[in-house]
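Participant: First the structure, then my questions, so here it is.
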Amino acid sequence: MKSAILALMAGLVLLAAPDARTQTVPALPEDPGAVVVEELVVQAKEPGPAWWVVKDGDSTVYILGMPNGRIPPKSAWDRRWLDRRLKGANSLILADSARVSVGISSFGEAMRLYRSLRSDVPLETRLQDPLRSRFIAAREKVGQPAARYAKWSPFIASMMLMGDSTPKGWVDPRDDVIKAARKAKVRRVEAPARNVSDMVSKVFSNMDPALETTCLSAAVRTVERARPAATVEGWARGDVAAAISGPRDYEGCLLLLNGGPQIWRAIVDDHTRLIADGLKTPGHSVALVDISMMVAEEGVIRKLEARGLEVTGPDGR
């Protein structure tokens, strides 16, 4: 989900670059993805990442819980169950590919927006301690110089820092799955692209220095706390607790931007609908769902169960 939301927010370039020192940091709203159903946090019996199985009569959808981000290239995760389940599958179901539509009406508007994101005063000069010192430590941790962020607003710097926190060369495992599905001649089923123009206006109409500081603080906390290698290793061995153990601070920032909760719930609904639709055809399909969206209280498993569908977890229960 993180990569999907970041991809979306990268298109929402409609803010000014105010001084980040003028207001206190507001509290973050509740994150629906952070409320987890403990009984769903299990260790998979099968080798490799965690799978859920949804049945309805003579139809089955196998759901592969995906990591919330990228993984090292050529990671040694067990693909045997993936290959077996793609063989003869009706479809590969994708609902979180963040296909969105954000338009800029003219070249002049694009240039105005670009200038609004920039400042002649270096970012680290605009920040106040302790955030300034923590930001410097965070960017040094991810191997970036001050110049990379110097002319950008705190909000854009926060997105850049989140992107830079992924080690270079790491890849999206969805690409491997999509490639395997193509090889197996399995058709892709995706949720329609979302037009978020209305959300853009709402998000940035509330942008202010305190909000920008909140976003940058959240990104810094994420870099400070993240252990991406341990999270990926947990995902690869089917340890759901380890796979969802990464910090969610930046998701909280996105929720504060008046679109996050709605986007999160919309993607959950897309997953649920597409999986339920897949069960209307005899045979089987494969679906990819962010693992944190699987086990959340408002997540995909609970939504599927609410439809009266039979869901078996990675532990066989």
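The values are calculated or read from the model by the stated rules, or taken from the named source; none is laboratory data. These figures come from a predicted structure and were not determined experimentally. Ideal geometry is used to build each Cβ from the backbone, glycine not excepted, and the neighbour counts take in all protein chains shown. Side chains are part of the model used for accessible areas, which takes the heavy atoms of the whole protein and leaves out ligands, DNA and RNA. Shrake-Rupley method; radii C 1.70, N 1.55, O 1.52, S 1.80 Å.
Participant: Amide H to amide H under 5 Å from Asp290: which residues, 5+ apart in sequence or cross-chain, H placed 1.01 Å off N in plane?
Facilitator: Met66
Participant: Arranged from highest to lowest average of other beta-carbon atoms within 10 Å per residue, in what order do the peptides 241-249, 142-150 appear?
Facilitator: 241-249, 142-150
Participant: Given a 1.4 Å probe and the protein chains all in place, what does the accessible area of Asp58 round to, in Å² to the nearest 10?
Facilitator: My reading of the accessible area for Asp58 is about 110 Å².
Participant: Moving on. Would you list which aspartates and glutamates come within 19 Å of Lys280, measuring only between C-alpha atoms, while excluding same-chain residues fewer than 8 positions from it?
Facilitator: Asp56, Asp58, Glu190, Asp269, Asp270, Glu305, Glu310
Participant: Here's something else I'd like to know. Out of the total accessible area of the range 242-292 (probe 1.4 Å, heavy atoms of protein only), what percent is carbon and sulfur?
Facilitator: 57 percent
Participant: Same structure again: Given a 1.4 Å probe and heavy atoms of the protein chains only, how would you sort Val268, Val35, largest accessible area at the top?
Facilitator: Correct descending sequence by accessible area is Val35, Val268.
Participant: Which whole-Hz couplings ³J(HN,Hα) result when phi for each residue of the range 262-278 is put into the Karplus expression 6.51 cos²θ - 1.76 cosθ + 1.60, θ = phi - 60°, listed in order with x for Gly and Pro?
Facilitator: In residue order, the calculated couplings are 5, 5, 4, 5, 5, 5, 4, 5, 4, 4, 4, 5, 5, 5, 4, 5, x Hz.
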